[in-house]
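Read the figures in this text as sums done on the coordinates, not as results from a lab. This is a predicted model, so every value here is computed, not measured. Cβ placement follows ideal geometry from the backbone for every residue including glycine, while neighbour counts extend to all protein chains displayed.
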Amino acid sequence: MTRPRRTPGSRTPSGRAATAPRAPSRTRTTAGSAVAADPVLDLTDDAARQAERASAGKSRFTPRAAVLVMVMVMLSVAYAWPLREYVRQRTELNDLREATRTSQAKVDALQAEKDRWADPAYVEAQARARLHYVMPGEVAFVVLHPNQPNLVQTLPKTPPAVRAWYDALWSSLHGADQPSTSSGTSGSTGSSTSGSTP
């Protein structure tokens, strides 16, 4: 006695329904093969296929997937700080390299200036231009206003000397000690002034 094969979509009836006689099945031929066409089995097969399609369309969130998501979140959190530090250090390193390049350019410019000052001809030219030095036997001329036309130069006028206040005070005291000649000739003014003093 052989048992019929079960398909994943079909269910095995139990009890009386399992022993009840089945309705005669229709057969249809497709490309030379006979296929049983049982309407009850066709409906259950179609329902099973639709259930499989629906479950395949939906994402199954299994415990394994939950663990995988948790591990990924933990790894991203664990690598966030070192990655941020790496980016910060790379930025700082680039800034330091730029500062080094700038400093090296300044050092090169100063080295070139030092090399120029080691040349005696450059030193002589700078002494002539900056300090107006001349070699013995040479005569130097300095142009005061090279960009202006010939100006008539006159000597500045000297302002009258202003006496300081203490000079004026001293001269007034010195003049009070020596009477003028006009006051000495008039005796009446002298007697009146002497009588009025206490």
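For the residues 122, 166, what sequence is obtained by ranking on other C-beta atoms within 10 Å, fewest first?
Ranked by crowding around the Cβ, least crowded first: 166, 122.
Semi-axes, largest first, in whole Å: what does sqrt of 5 times each Cα gyration tensor eigenvalue give for the range 79-123?
In descending order the semi-axes read 43, 4, 4 Å.
Please report 177, 46 as a ranked list, fewest other C-beta atoms within 10 angstrom at the top and most at the bottom.
Lowest count first: 177, 46.
Computed FRET efficiency, Cβ-Cβ of residue 111 and residue 90, R0 30 Å: what is it to the nearest 0.05?
E(calc), rounded to 0.05, equals 0.45.
Mind checking which of 111, 67, 147 is farthest towards the positive end of the range 62-148's charge dipole, using Cβ charges of +1 (Lys, Arg) and -1 (Asp, Glu) about the Cα centre?
After comparing all options, I get 67.
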